[in-house]
Amino acid sequence: MEIRHLITFQTIVEIGSYTGAASKLGYTQSTITSHIQALEHEIGGELFTYVKRNLQLTHLGRELIPLAEDLLSTHEQIKNMRSIHEVKGVLKVAAPESLTISRLGPIIREYSLKYPHVKIILTNGTCGQNQIDLISGRVDVAFMVYPEIKLEKCIHYSLVEEEIVLVSSNDGPDHFDEYKKNNTNHFFITNEEGCSYRTMFERYLLKHDIHNFQTMELWSIEAIKQIVMSGLGFSVLPYITVKEEVESGKLKILSHSEKFDPIYSHMLIKKKKWLSPAVEAFVELVFNYAE
């Protein structure tokens with residue numbers, strides 16, 4: 001078993017194919033295959049299988065992911081022993097769009113100025129996907145907007161409570177009750193399924209047996225805000241994402257009688273013995289902004 005075999009395994013998991021891994025690592029596909037075969041011989045079982053022509057991890061493959069991550073992390077630490085305090089390399093961060101557009105901009109800007117030798121890769125996904133990407137080793141730091149959580153496979157920090165508000169166009173009703181009165185022409189304008197505050201609000205609608213809204217699912221918070229401003233319906237969003245539009249009078253916060261469960265911004269990092277200087281510096285900067 002060699003380090004390069006584990007790097008090949010991790011790359012296939014990240015990209016999802018032998019061909020893509022070969023292209024990224026600069027190997028032939030036969031070399032990639034031989035690396036995996038060597039690992040499988042050492043472990044005594046298959047790591048990947050094909051289901052309807054799609055590459056899938058086996059049970060052994062899934063078990064290997066965190067172990068390979070720990071070994072490669074230790075290897076990285078050994079390689080950087082002479083420059084253990086130098087902040088350089090690649091930092092991969094996953095965050096929901098709401099935090100990317102509202103809170104992470106100043107943090108990433110300051111980080112880039114302080115540590116110009118770090119390449120930052122920022123991806124946007126649902127909170128659940130961000131957590132999966134962290135545990136699988138595809139990212140170093142993940143963010144979620146979620147209620148209180150308890151996680152076993154990673155360390156999480158609750159950063160700040162996010163106020164969730166109902167918003168409508170400035171010439172819309174003042175109270176959400178007005179939307180509930182047989183307003184079948186109005187849309188609940190929201191983002192993708194799996195979003196924590198969308199799920200929270202849909203539970204509220206179900207609890208109160210409210211079914212007279214159509215749901216319009218859009219691809220970005222900016223698109224949601226523009227459609228709400230046009231008067232087509234209302235949305236449920238973190239206040240920090242609509243603060244500017246509310247203060248300028250482009251959007252209006254709807255009054256309502258329901259008390260929603262509190263939702264927080266969380267930062268997640270993997271449980272491991274060593275964090276790279278780049279990750280440590282980023283985590284420290286996030287804490288400074290949270291304070």
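Values in this text are rule-based calculations from the coordinates and carry no lab data. Keep in mind it's a predicted model, so treat the numbers as computed, not measured. FYI the Cβ positions are ideal-geometry reconstructions off the backbone, even for glycines, and counts take in every protein chain you see.
Tell me which residues come under 5 Å, amide H to amide H, from L91 once H is placed; ignore anything under 5 positions away on its chain.
Amide H to amide H, under 5 Å and 5 or more residues apart or across chains, L91 pairs with K119, I120, I121.
Could the peptides 156-162, 204-210, 185-191 be put in order, highest first, of the mean number of other beta-carbon atoms found within 10 Å of their residues?
Taking the mean over residues of other Cβ atoms within 10 Å, the ranking is 185-191, 156-162, 204-210.
Please tell me which of these pairs span more than 29 angstrom C-alpha to C-alpha: K180/K225; K119/K252; K79/K153; K181/K252; K114/K252; K88/K243?
K119/K252; K114/K252; K88/K243
Could you give each residue of the range 150-163 its phi-based ³J(HN,Hα) in whole Hz, using Karplus coefficients 6.51, -1.76, 1.60 with θ = phi - 60°, and x for Gly or Pro?
Those phi angles translate into 10, 10, 9, 8, 8, 9, 10, 10, 7, 9, 7, 6, 9, 6 Hz.
What shape does the range 196-245 have by the C-alpha gyration tensor, where a ≥ b ≥ c are the square roots of the eigenvalues, rounded means a/c under 1.5, and otherwise prolate means a/b greater than b/c and oblate the rest?
prolate
Considering only DSSP beta bridges where both residues belong to the chain, give the percentage that are antiparallel (nearest 5). Don't skip to the end; give the middle numbers.
On the way: 25 of 41 bridges.
Among the beta bridges of the chain, antiparallel pairing accounts for roughly 60 percent.
Quick one: putting +1 on the C-beta of Lys and Arg, -1 on the C-beta of Asp and Glu, what dipole do you get for the range 34-93 around its Cα centre, in Debye to the nearest 20?
About 320 debye.
Which Cα, out of N54, S112, V141, lies furthest along the positive dipole direction of the chain (beta carbon charges, K/R +1, D/E -1)?
About the Cα centre, the residue reaching furthest to the positive side is N54.
For the chain, give the magnitude of the charge dipole about the Cα centre (Cβ charges: +1 Lys/Arg, -1 Asp/Glu; no others), in debye to the nearest 20. Could the numbers behind the result be given before it?
Details: 30 positive and 37 negative charges, 151 e Å.
The calculation lands at about 720 debye.
Work out, in µm²/s and without decimals, the Stokes-Einstein translational diffusion coefficient of the range 1-91 at 10 °C, 1.306 mPa s, Rh from Kirkwood over C-alpha pairs.
D = 113 µm²/s.
Which trypsin sites (Lys or Arg not before Pro) from the range 127-203 combine a DSSP loop assignment with at most 11 other Cβ atoms within 10 Å?
Here the trypsin sites (Lys or Arg not before Pro) that fit, given the DSSP loop and packing criteria, are K150, K153, K181.
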